[in-house]
Amino acid sequence: MMRLYNTLTGRVEEVKPSNGMVIRMYLCGVTVYDYSHIGHARTIIVFDVIRRYLIHKGYKVKFVQNFTDVDDKIIKAAREKGVKPLELAEHFIEQYFKDFDGLNVLRADHYPRATEHIEDMHRIIKGLMEKGYAYRTSKGIYFHIAKDEDYGKLSKKQIDELKAGARVEVDEEKLDPLDFALWKFVDDEPSWDSPWGRGRPGWHIECSAMSMKYLGDTFEIHGGGEDLIFPHHENEIAQSESLTSKEFSKHWVHVGMVNVKGEKMAKSLKNIEPIHSALSRWGANTIRLYCLSAHYRKPLEYDETLLKQALAVWRDIENALYELEHAMMIPAREGEEGRAVVEELKGIVDESFKVFMDRMDDDLDTPNAIASLLTSIKAVNRYAGEDMLDVNTAKTVMPRLNDMLFILGLKRAEVSSEERARIEEMVKRRSMLRAEKRYKEADEIREMLRAEGIELVDHKDRTIWKKLS
RNA sequence: GGUGGGGUGGCAGAGCGGCUAUGCGCCCGCCUGCAGAGCGGGUAUACAGGGGUUCGAAUCCCCUCCCCACCUCCA
């Protein structure tokens, strides 16, 4: 049973499926007005790993992640670029998929967009008006937090102190400074007709509308970056629970920020590393290992040396995978020694898998889970170095290793059959040159392949190749 | 000011009362045609500071000092 910290209760709690084995998850996605950066990547990768882990454990996970495609920032950016807001949003949604497919993040079951759920939002607003939780001013429709007696329960805020903070905008018409907009009256584009007048939705209403539409009034997990706890998630709870009188999300999961030199990575601070640029520099596996190298609730520093560390870890894993793949071609070793190697490796991998799962169960302890995976990896590399791997060891080890790699979302580069044939031809030619001690020519082939990202590794009687990723 | 989370070896990061975490980096040696991987050894006494509790504390209690996030749009 997986245990995760629940922001709502402040405790680590078991994630329980609803009916049978179904777990419904909603993740607050991105506002599409610019490129996604490493901070977004961290949150989305963490949710991807939670999802993969639950899938591995046999749950049926229904996963929804939204796009905020109507918002002041989008409108502003579109105006500056001289394009329509919805076109700008569409462009960055396309970019989003390029980035996150590139990061090997599994596609969600639904990617609802705010602009396609205006009617659903109207229904919620209407319901809240009818139940007396919302009221109208000349500027829009507002949610009245005073009507919601447990307002603040997620962020543990004292309402009085929030008011004292005086950071909220002054609006004489609002009954309470903390009341937030459900619908804002505007005439310019983009805007939609509503029962109360033409306008745009407030920020929080979309997530209530879309999560409940696709997952039901109550679902298992909701989350996002920890900067969304207040006001966004607090307000989502207020709206949703006031409307349905039911519990909204049972479990709230929040991911820590990525910092640059101690400060949060944010577009406004101009210290972002866009995903597309990080991907071309480091590759998906390295970025994923980096994002998972810290516990998800702690801040993660964005720093070259950390990426380098993650890359070194990935190189070890990659090496082991290629050694095992090539070992599939090596006939089973006969006798006692061959069996002993299989037994020992099996013991190490089974134990490391057990520890891996145990660490993952405990509030997604990925740093330790990865450390445990590396125990297996190191053992494989050790045997590979001693030329002790064969088809039996490979077959014994691969399933458990693949399970762990699936959960973390790590995978080797793909190699087409043409590419494979060409590489193997080159390797063959080089081996002949080496046999004739024509090392200079042999090294030239190795260098040439290396320039293409193919690395050769010589064993006693054979050479294996790796396509680095 | 409020709320939440932290301060561990050159760096990153576990540890939740007693047993070398781990990874990376660096140095020496072995192996290799050279690489890569691997192996052996090393990298001064690691735990913010000060008091306690305990046979025993990085781990529990008290005090002090720093750091981060949120309280405004934000993953």
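The values are calculated or read from the model by the stated rules, or taken from the named source; none is laboratory data. On a predicted model such as this, the values are computed, not experimentally measured, just so you know. Cβ placement follows ideal geometry from the backbone for every residue including glycine, while neighbour counts extend to all protein chains displayed. For accessibility, only protein heavy atoms count, side chains too; no ligands or nucleic acids. Shrake-Rupley method; radii C 1.70, N 1.55, O 1.52, S 1.80 Å.
Could you tell me how many of the residues in region A:140-162 are within 22 Å of A:LEU128 (Cα to Cα) and part of a helix (DSSP H, G or I)?
Number satisfying all stated conditions: 4.
Does A:SER416 satisfy being of a type in the set (Ser, Thr, Tyr) and open to solvent by 20 Å² or more (accessible area, probe 1.4 Å)? So that I can check it myself, show each step before the final result.
Details: of a type in the set (Ser, Thr, Tyr): yes; open to solvent by 20 Å² or more (accessible area, probe 1.4 Å): yes.
Taking the combined requirement at face value, the residue satisfies it.
When you check A:MET398 against the structure, is it over 24 Å from A:PHE47 (Cα atoms) and either of a type in the set (S, T, N, Q) or away from RNA strand B (no atom under 16 Å from the Cβ) (or both), yes or no?
On the way: over 24 Å from A:PHE47 (Cα atoms): yes; either of a type in the set (S, T, N, Q) or away from RNA strand B (no atom under 16 Å from the Cβ) (or both): yes.
For A:MET398, the condition - over 24 Å from A:PHE47 (Cα atoms) and either of a type in the set (S, T, N, Q) or away from RNA strand B (no atom under 16 Å from the Cβ) (or both) - is met.
Given the condition more than 25 Å from A:TRP196 (Cα to Cα) and of a type in the set (S, T, N, Q), answer yes or no: does some residue in region A:110-118 qualify?
Taking every residue of region A:110-118 in turn, none turns out to be more than 25 Å from A:TRP196 (Cα to Cα) and of a type in the set (S, T, N, Q).
When you go through (1) open to solvent by 30 Å² or more (accessible area, probe 1.4 Å); (2) closer than 22 Å to A:LYS411 by Cβ; (3) β-branched (Val, Ile, Thr) one by one for A:ILE330, which number turns out not to apply?
Condition not satisfied by A:ILE330: (2).
Tell me which residues, restricted to region A:375-413, are open to solvent by 50 Å² or more (accessible area, probe 1.4 Å), out of contact with any Leu (no Cβ under 8 Å at 6 or more places or on another chain) and not in a helix (DSSP H, G or I). If you could, list the steps in order and put the result at the bottom.
Step one: filter region A:375-413 for residues open to solvent by 50 Å² or more (accessible area, probe 1.4 Å), giving A:375, A:378, A:382, A:385-386, A:392, A:395, A:399-400, A:402, A:406, A:411-412.
Adding the requirement that they be out of contact with any Leu (no Cβ under 8 Å at 6 or more places or on another chain) leaves A:375, A:378, A:382, A:385-386, A:392, A:395, A:399-400, A:402, A:406.
The answer is A:GLU386, and nothing else.
Test A:ALA310 against the stated conditions and say whether it is in a loop (DSSP other than H, G, I, E, B), within 19 Å of the chain's Cα centre (by Cα) and either closer than 27 Å to A:ILE38 by Cα or at pLDDT below 90 (or both).
So A:ALA310 fails the test.
Identify, please: which residue in region A:162-191 is modelled with pLDDT of 90 or more, of a type outside the set (Ser, Thr, Tyr) and within 23 Å of A:CYS28 (Cα to Cα) and is, among those, most open to solvent (accessible area, probe 1.4 Å)?
Here the residue is A:LYS184.
Looking only at residues in region A:18-34 that are within 21 Å of the chain's Cα centre (by Cα) and part of a loop (DSSP other than H, G, I, E, B), which one is farthest from A:GLU87 (Cα to Cα)?
So the residue we want is A:CYS28.
Considering only region A:285-326, how many residues are closer than 21 Å to A:VAL349 by Cβ, within 12 Å of RNA strand B (Cβ to nearest atom) and touching a helix residue (DSSP H, G or I) at 6+ places or on another chain (Cβ under 8 Å)?
Final tally of qualifying residues: 12.
Just to be sure, is A:THR137 on the phi < 0 side of the Ramachandran plot, of a type in the set (S, T, N, Q) and modelled with pLDDT of 95 or more?
Working: on the phi < 0 side of the Ramachandran plot: yes; of a type in the set (S, T, N, Q): yes; modelled with pLDDT of 95 or more: no.
For A:THR137, the condition - on the phi < 0 side of the Ramachandran plot, of a type in the set (S, T, N, Q) and modelled with pLDDT of 95 or more - is not met.
Can you tell me which of (1) over 26 Å from A:SER249 (Cα atoms); (2) in contact with a helix residue (DSSP H, G or I) (Cβ under 7 Å, 6 or more places away or on another chain); (3) not charged (D, E, K, R) is the one A:ILE124 doesn't meet?
For A:ILE124, the exception is condition (1).
Looking only at residues that are surrounded by fewer than 16 Cβ atoms within 10 Å (Cβ to Cβ) and hydroxyl-bearing (Ser, Thr, Tyr) in region A:125-141, which one is farthest from A:LEU175 (Cα to Cα)?
The extreme case among them is A:SER138.
Scanning for something farther than 29 Å from A:LYS157 by Cα, of a type in the set (Gly, Ala, Ser) and part of a helix (DSSP H, G or I), does region A:59-79 turn up at least one residue?
yes
Do we have A:HIS232 as crowded, with 21+ Cβ neighbours inside 10 Å and near RNA strand B (Cβ under 9 Å from one of its atoms) here?
Here the answer is no, as A:HIS232 does not meet what is asked.
Among the numbered conditions (1) outside any strand (DSSP E or B); (2) in contact with a strand residue (DSSP E or B) (Cβ under 8 Å, 6 or more places away or on another chain); (3) over 22 Å from A:ALA278 (Cβ atoms), tell me where A:TYR53 comes up short.
(2)
Tally the residues that are open to solvent by less than 70 Å² (accessible area, probe 1.4 Å), near RNA strand B (Cβ under 9 Å from one of its atoms) and closer than 17 Å to A:ARG462 by Cβ, restricting the search to region A:434-451.
Residues meeting the conditions: 2.
Going by the structure shown, is A:ARG333 closer than 30 Å to A:ALA394 by Cβ and either touching a strand residue (DSSP E or B) at 6+ places or on another chain (Cβ under 9 Å) or not hydrophobic (A, V, I, L, M, F, W, C) (or both)?
Details: closer than 30 Å to A:ALA394 by Cβ: yes; either touching a strand residue (DSSP E or B) at 6+ places or on another chain (Cβ under 9 Å) or not hydrophobic (A, V, I, L, M, F, W, C) (or both): yes.
Here the answer is yes, as A:ARG333 does meet what is asked.
Here's a check for you: in region A:254-284, which residue that is more than 10 Å from RNA strand B (Cβ to nearest atom) and in contact with a Leu (Cβ under 6 Å, 6 or more places away or on another chain) is modelled with the highest pLDDT?
A:ALA284
Which of (1) open to solvent by 10 Å² or more (accessible area, probe 1.4 Å); (2) within 18 Å of the chain's Cα centre (by Cα); (3) farther than 27 Å from A:LEU243 by Cβ is the odd one out, the single condition A:HIS110 does not satisfy?
All conditions pass for A:HIS110, except number (3).
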